[in-house]
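Participant: Mind looking over this structure? Questions follow.
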Amino acid sequence: MLDLLRDLWDFMRERKKFWLAPIIVVLVLLGVLIVLAQGSAVAPFIYTLF
């Protein structure tokens, strides 16, 4: 996992693609939110966002 993050950071730094960082962070946070809320009472409210 650390190798993947290191390679991703090296790619963004070498090719000046720092604008990808916020997109990746938002996608990861949405994925974590969906996984954590899958079995809770909050799930119906999250699904209405999409």
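We did not get these values from a lab; they are worked out from the coordinates using the rules stated. All figures in this text were calculated on a predicted structure; none of them were measured in a lab.
Participant: What's the angle, to the nearest 10 degrees (0 to 90), between helix 2-15's Cα axis and the longest principal axis of the chain?
Facilitator: 60 degrees
Participant: Let me ask you something else. Using only Cα atoms and rounding to the nearest 10 degrees, what angle (0 to 90) does helix 20-36 make with the longest principal axis of the chain?
Facilitator: Approximately 30 degrees, to the nearest ten.
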